[in-house]
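Working notes for the structure below.
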Amino acid sequence: MTLKLITFDLDDTLWDNLVVIKEAVRQCYSWLLDNYPKLTDHYDLEGLDALKNRFREQYPEFRHQVSRARVIGMEIALEDAGYDREEVVAGAEAAFEIFSQWRRRIAYYPGVLETLEYLHEHYTLAALTNGNIEMANLQIERFFDFVLKAEEINSSKPDPLMYQLAMEQAGVTADEMLHIGDSPENDVLAAKQLGIRTVWFNPQDESWTHDISPDYMIKAIPELRNIVTSDGLS
């Protein structure tokens with residue numbers, strides 16, 4: 001079948017997310033500790049960040065709600081430090097806004113913008129992400145026809161729902177779709193189980209260790225152009 005829809009994972013596929021998150025967390029919690037100094041008697045940066053994960057583990061219904069869990073984690077910390085409810089809510093929301101601002105300060109991998117621009121001229125493009133980045137005003141926003149986020153559908157990859165919704169929204173079947181991502185489990189295996197062709201983004205040239213293999217492997221995003229034009233997908 002003719003390729004019609006190309007979907008992308010975002011974090012660690014189009015940019016190095018570890019660098020982005022580490023700096024966003026540092027800026028967020030540094031602001032919080034500076035503006036709510038009583039916190040320093042209770043938490044350091046690592047302790048504050050750990051609250052989010054402990055909250056998600058304790059309340060599975062928040063497993064897909066990364067942003068909300070981070071805000072609630074900060075609210076818990078502020079309450080532990082003795083701030084009143086009004087201060088707690090205001091502080092957590094303001095700190096999360098700092099986090100969000102730095103979360104959007106992205107250094108794209110080489111060739112990402114040029115490749116997306118080319119693909120957008122020929123295919124429907126969608127982003128499928130478990131992360132919580134806000135796409136508004138990002139350079140890549142104009143290239144994507146739609147975005148599906150785990151927070152909004154309350155389901156994260158490798159659950160098949162995000163892929164199923166993408167096919168439904170684009171009006172395509174599995175054999176008319178190609179998915180690109182860095183995670184063997186969340187991106188490659190999850191999509192392959194639905195009959196979707198996959199591209200494993202593998203910049204470190206790691207070994208594949210699963211029985212089911214991706215259809216393609218690339219070390220740089222610009223290689224996608226050769227795949228769609230040379231392998232009979234277009």
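Please work out whether region 96-234 counts as rounded, prolate or oblate from its C-alpha gyration tensor, where a ≥ b ≥ c are the square roots of the eigenvalues and a/c under 1.5 means rounded, while otherwise a/b larger than b/c means prolate and anything else oblate?
The shape class here is rounded.
What angle, in degrees between 0 and 90 and rounded to the nearest 10, separates the Cα long axis of helix 85-103 from the longest principal axis of the Cα atoms of the chain?
For helix 85-103, the angle is close to 30 degrees.
Treating the beta-carbon of each Lys and Arg as +1 and of each Asp and Glu as -1, no other charges, what is the dipole magnitude of region 72-188 about its Cα centre, to the nearest 20 debye?
Its charge dipole is roughly 300 debye.
Can you give the helix-only mean residue ellipticity at 222 nm for the chain, where every DSSP H stretch with n ≥ 4 adds -39500 (n - 2.57) and the sum goes over all residues, rounded to the nearest 500 deg cm²/dmol?
Mean residue ellipticity, 222 nm, calculated: -13000 deg cm²/dmol.
Among 83-90, 219-226, how do they line up by average Cβ neighbours within 10 Å per residue, starting with the highest?
Sorting 83-90, 219-226 by mean packing, highest first, produces 219-226, 83-90.
How do the peptides 151-157, 206-212, 124-130, 39-45 rank, highest first, by the average count of neighbouring beta carbon atoms within 10 Å per residue?
124-130, 151-157, 39-45, 206-212
Taking Rg and Dmax of the Cα atoms in Å as the quantity of interest, determine which of [x] 19.6, 63; [y] 16.6, 52; [z] 17.8, 56 was computed from the displayed structure.
[x]
Quick one: Karplus J couplings for region 63-74, per residue in order, coefficients 6.51, -1.76, 1.60, θ = phi - 60°, nearest Hz, x for Gly and Pro?
4, 9, 9, 5, 5, 5, 5, 5, 4, 5, x, 5
Mind checking the angle between helix 17-35 and the chain's longest principal axis? C-alpha axes, 0 to 90 degrees, to the nearest 10.
20 degrees
How far is helix 45-58 tilted off the main Cα axis of the chain, in degrees rounded to 10, range 0 to 90?
70 degrees
Is region 60-102 rounded, prolate or oblate when judged by the Cα gyration tensor, a ≥ b ≥ c being the square roots of its eigenvalues, rounded requiring a/c under 1.5 and prolate requiring a/b larger than b/c?
Oblate.
Of the heavy-atom accessible surface of the chain (probe 1.4 angstrom), what whole percent is carbon and sulfur?
46 percent
The values are calculated or read from the model by the stated rules, or taken from the named source; none is laboratory data. Bear in mind that the values here come from a model prediction, so they are computed numbers and not experimental data. No Cβ is skipped: glycine too gets one built from the backbone with ideal geometry, and neighbour counts run over all protein chains shown. These area figures cover heavy atoms from the full protein model, side chains too; ligands, DNA and RNA do not enter into them. Shrake-Rupley method; radii C 1.70, N 1.55, O 1.52, S 1.80 Å.
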